[in-house]
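Student: Pasting a structure here, questions to come.
Values quoted throughout were computed directly from the atomic coordinates according to the rules given, and no laboratory measurement underlies them. In this text, all values refer to a predicted model and were calculated from it rather than measured experimentally. Every residue, glycine among them, receives a Cβ derived from its backbone with ideal geometry; neighbour counts consider all protein chains shown.
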Amino acid sequence: MNAVTEPIDNLQSLTSLTVLNASAALERGYAALKAGQTVFDLRHVLTVDSVAVSVMLSWQRAAQEAGVKLELKNLPPALQSLTRLYGVCSLLFPTDVKLDQGCGAPAANPAHEEFSPVKAPESVFSRKTQVEGDTASHHHH
């Protein structure tokens, strides 16, 4: 009896999706897909960080390559807000899956903006060089 339910609920025991367990979670997702699981129930994933989005995108990619449709469902609020933050709703939920608060229109090109480097405000850099400039102007030869 266990053999039947186990592959179907493979991802249900996942309680966090962070940098600490990303690779393990990835492997689990891949294994689940190989076993023919196409619905990942993520209701118990309460601890997340930005890596969760990458993991879910990798699962989707693996599913596409395998020619199957992966459905991510029951995402907790933390996970939902991450997908919105990164504008990857449309990538993660290509079918008409609507999240509780709706996805909103995706960003111009989510794939490109997804992991764009965060630019520090100019002032941080200029202030730093200012200080270096002051010490340099004392001409230590």
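Student: Which order, highest average first, do 70-76, 50-56 follow once you tally other Cβ atoms within 10 Å for each residue and take the mean per peptide?
Tutor: 50-56, 70-76
Student: Could you work out the local net charge near Leu33, counting Lys and Arg as +1, Asp and Glu as -1, over the other residues with Cβ closer than 13 Å to its Cβ?
Tutor: +1
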